[in-house]
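Coordinate-derived values only; no laboratory data. It should be emphasised that the depicted structure is a prediction, and the values quoted were computed from it without experimental measurement. Glycine also receives a Cβ, built like all others from the backbone with ideal geometry; neighbour counts cover every protein chain displayed.
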Amino acid sequence: MIYPPTTPEPQGHHLTTQILNYQLTHGMHLKHIPLNPRLPHNSPVGSSYPISTSVFPTPFPKALFHHAKQTLQPIYNELYALLSQNESWLYEAVIRPLLPVDAFARTLWEIHERLKNEGEQEGGGYGSNISMGLFRSDYMLHVPDNINEDVKISLFEGENTGLQLNQVEFNTIACAGGCHANKVVDMHRYLTKTGVYDSLSGASDDKEGKGDRDSPIKLSSLPTNDNIKALADSLAVAHDMYGRPAATRRAGVLFIVQPDNFNVADELPIEYALWDRDVPVPTHRVEWGVDVLERTCLGGDRELLFYPHLQGDGSDGGKRQPVEISVVYLRAGLEMHEYDSTGIECRVRLEQSRSIKCPSLLGHIVTFKKVQQALMGPGVLERFLHSEEKVSAIRDTFMSMYPMDGVSTEGRVGRRLATNPDTSGRYILKPSLEGGGHNIYGEDIPGFLLGSPIVENVLMSREGVEESDVISELGVFGLCIWKKGEILRNEAVGWSLKTKFADVDEMSVVKGFGCFDTPLLV
């Protein structure tokens, strides 16, 4: 069976036109932010461009897809919640080795130390003992090391049993892609319902033109995706846990966002879903930094009060009817350049408030890639997960990872592997930064050993439509809410699939490297 189906004209043009129309009418776009805007700031004119997407769903083993969601994600949620509460381990295993070399780790830890010290004084320190995580654990398919030949993903169920899931990274802050993933899956399911893939399958498989419609793309093989509702429901759960407002009549969720945000289509649908609930959850946006400091203040019992209208000249009109913030959802504050003096004060105010933070500062810090490397140490998983089954499930997802400090034994091994032309091509050098676009691959000095199976697909981006070998990355979203060692809520709440050409290094879709995709479960 040929996969992906061939797309002769005019069917190919019809298919790409359908995709473009669906994207246009469903908000599957990135906002264009001009570097030198010619239009006035309040102009009603704007522009955008479609998010990159696969033309066909990409084959992915069904058993591994469900294993990542149902088994792995709740364990990873629990593990990272526990890590964030063990300050001594976090400092010794993660932060202390990073302090001399990582300015971002140093800055975040200094904020933590400041809050701890202020906590000894009245009115200082952390304001909430409840923490929330909307995590995303990313995996790639891996061919076991004992197989020394190229492996193709089979379209037939039961023939992909030798493949494994290896974790690429675990993200704890500003986990993006949920809304785009939801809509791309809806798009592929719509195209399947219309029968457009059937006609292409017939064109590719039926040489005599008899119209064989036995397409491998069936609706039953395309999992549904409810990310938007699930992410909104997760924030609503935390909102309810916060309880009734003490200082005002209304409580609500506050999104902290980056200025000049080109990815609003991956944020606003969650806000709309919160407002659209049977009992609406008031939801507001504020930009990181000055905007937070000017439009919020702390109440007498550390309530975070947000003023939906811009502050004026001090008159009552600028400060009427504040909203008490139940949940702070960070879609900003994940990069070093955001932490000038204003950014630091912004983060301090948020942490001082009694709002539930998603994530809290320590919940943010455990996203550093150094955590993944530290978890590979002897007995570390056993220290946090008191179950052999859980330890085994997590350890099976580990890839070889080395630090680059040049001091520890592991660091010296890492440097030797990275600087040796004979071994460097099998590794990736991954910094602690979030957000994609920071990796160094192959002979350019690569810490992950990965051999992925082969699969072909057609990808569609601003560069055009092209078919080639591709590699996919499965991301699983998880909700975890915890309080002083007690897990209050723990579940998988969604997923995404991103796909890139095999010869492209990065996976970030919004930065133009990969595409959003749907798994064809096989």
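Annotations for the structure displayed:
- Per-residue Cβ neighbour rank within 10 angstrom, fewest leading, Met132, Met460, Met376: Met376, Met460, Met132
- With Cα atoms defining each centre, the range 1-24 and the range 370-387 are spaced 46 Å apart in the structure.
- Counted by Cβ distance under 9 Å from Asn263, the other residues give a net charge of 0, where Lys and Arg count +1 and Asp and Glu count -1.
- Kirkwood Rh and Cα Rg combined as Rg over Rh, evaluated for the range 1-101: 1.19
- In order along the range 180-193, the phi-based Karplus estimate (6.51 cos²θ - 1.76 cosθ + 1.60, θ = phi - 60°) of 3J(HN,Hα) comes to 4, 4, 4, 6, 5, 4, 4, 5, 5, 5, 5, 4, 5, 4 Hz; Gly and Pro are listed as x.
- Taking θ as phi - 60° and the Karplus parameters 6.51, -1.76 and 1.60, the scalar couplings of the range 13-18 work out to 5, 4, 5, 5, 5, 4 Hz in sequence order, x denoting glycine and proline.
- Amide H contacts for Asp469 (H built 1.01 Å from N in the peptide plane; partners 5 or more residues away or on another chain; cut-off under 5 Å): Ala502.
- Length available on full extension from Tyr49 to Arg277: 0.36 nm per residue minus the Cα-Cα distance, which gives 79.1 nm.
- Our compactness index for the range 237-358, the C-alpha radius of gyration over the empirical 2.2 N^0.38 Å, is 1.02.
- Phi-based couplings in Hz for the range 476-491 (Karplus 6.51, -1.76, 1.60; Gly and Pro marked x): 10, 8, x, 9, 9, 10, 9, 8, 6, x, 9, 7, 8, 8, 8, 6
- Put simply, the amide H of Gly299, placed in the peptide plane, has neighbours under 5 Å in Leu304, Leu305, leaving out anything fewer than 5 places away on its chain.
- Close amide H partners of Arg489, meaning residues 5 or more places away or on another chain with modelled amide H under 5 Å apart, are Ile481.
- Local electrostatic count, Ser472, Cβ distance below 9 Å [Lys/Arg +1, Asp/Glu -1]: 0
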